[in-house]
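All remarks here apply to the structure that follows.
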Amino acid sequence: MPLSTEDLIKILESCLSYNALMPKFKQALSSSETWGSKWYQTQIQTMLENL
């Protein structure tokens, strides 16, 4: 999964457990969006904003 250093920092700062984060990542990976940059914006960036 493509994550920037800033993305990783946000994830670590959220202090969420593995069990809390894993469903969020699974949801992002199961998206039907096939356009890479659009997928990143709609799935990953949205997920990170809601941590």
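Taking the stretch 22-38 as the range and being open to solvent by less than 80 Å² (accessible area, probe 1.4 Å) and either at pLDDT 95 or above or among the basic types (K, R) (or both) as the test, the residues that pass are M22, P23, K24. Across the stretch 35-51, the qualifying residues are those that are hydrophobic (A, V, I, L, M, F, W, C) and assigned to a helix (DSSP H, G or I), and the one among them that is farthest from I9 (Cα to Cα) is W39.
In this entry, L12 passes the filter for residues that are exposed (fewer than 11 other Cβ atoms within 10 Å of the Cβ), part of a helix (DSSP H, G or I) and of a type in the set (A, V, I, L, M). Cβ-Cβ distances below 8 Å connect the following pairs, each with a first residue in the stretch 1-23 that is farther than 10 Å from L51 by Cβ, a second residue that is open to solvent by 100 Å² or more (accessible area, probe 1.4 Å), and a separation of six or more residues or different chains: M1/L29. Of all residue pairs spaced 6 or more apart or on separate chains, those with beta-carbon atoms under 6 Å, a first member in the stretch 32-51 that is on the phi < 0 side of the Ramachandran plot and a second member that is open to solvent by 50 Å² or more (accessible area, probe 1.4 Å) are W39/E33; M47/K24; L48/K10.
The values are calculated or read from the model by the stated rules, or taken from the named source; none is laboratory data. Keep in mind that what you see is a predicted model, and the values were worked out from it rather than measured. Cβ coordinates were reconstructed from backbone atoms using ideal geometry, including for glycine residues, and neighbour counts include every protein chain displayed. To get the accessible areas, we keep the full protein, side chains included, count just its heavy atoms, and leave off ligands, DNA and RNA. Shrake-Rupley method; radii C 1.70, N 1.55, O 1.52, S 1.80 Å.
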